[in-house]
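Have a look at the structure below before the remarks.
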Amino acid sequence: MTQTSISRRKNTVFFRKDGRIILLDIHDIIYIEHHSRTIFLHTVRGVFLIPYMTLCAIHERLGNDFLCQCHKSYLVNPIYVEQFIRSRNVIILKN
C-alpha cells in the first residue's frame, strides 16, 4: 500500500505520493471526486489519484474557502463552473 498525504499552504497544494512531492496551484484544481475509496483530483495538469482518503478529509485539509461540495462524492472549484441548472440538479463546467 502506498502512503499519501496532502496539505495546503496559501495557494499551493502539496501531496506526497510514492516518495515524490507534487505541487499544484490551488486554482488549478477543477474538481475532486471520491469513488471506490480513492480521491480523483481533476486538475488542469491531469488527474491525480489519492487512495484511501475520504472526501471529508481532503476538504478539511484543503480548506472550504475555495471548494464547494455539490454532492456527497464531489467538490467543485467555482471558478470553473459555467452554469447551474437547478431544475435538473446539474453543474456545467467550463470547457
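No lab work stands behind these numbers, since they all come straight from the coordinates. Values in this document were obtained by computation on a predicted structure and should not be read as measured data. Don't worry about glycine lacking a Cβ; one is built from the backbone with ideal geometry, like all the others, and counts go over all protein chains shown.
Quick rundown of the values:
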item	result
Top positive-direction residue, dipole computed over the chain with Cβ charges, set Leu75, Val44, His59	His59
Trypsin sites (Lys or Arg not before Pro) lying in DSSP loop within the chain, provided at most 10 other Cβ fall within 10 Å	Lys10, Arg37, Lys72, Lys94
Taking N as its residue count, the alpha carbon Rg of the range 1-64 over 2.2 N^0.38 Å	1.01
Contour minus Cα-Cα distance for Phe66 and Lys94 (0.36 nm per residue)	8.4 nm
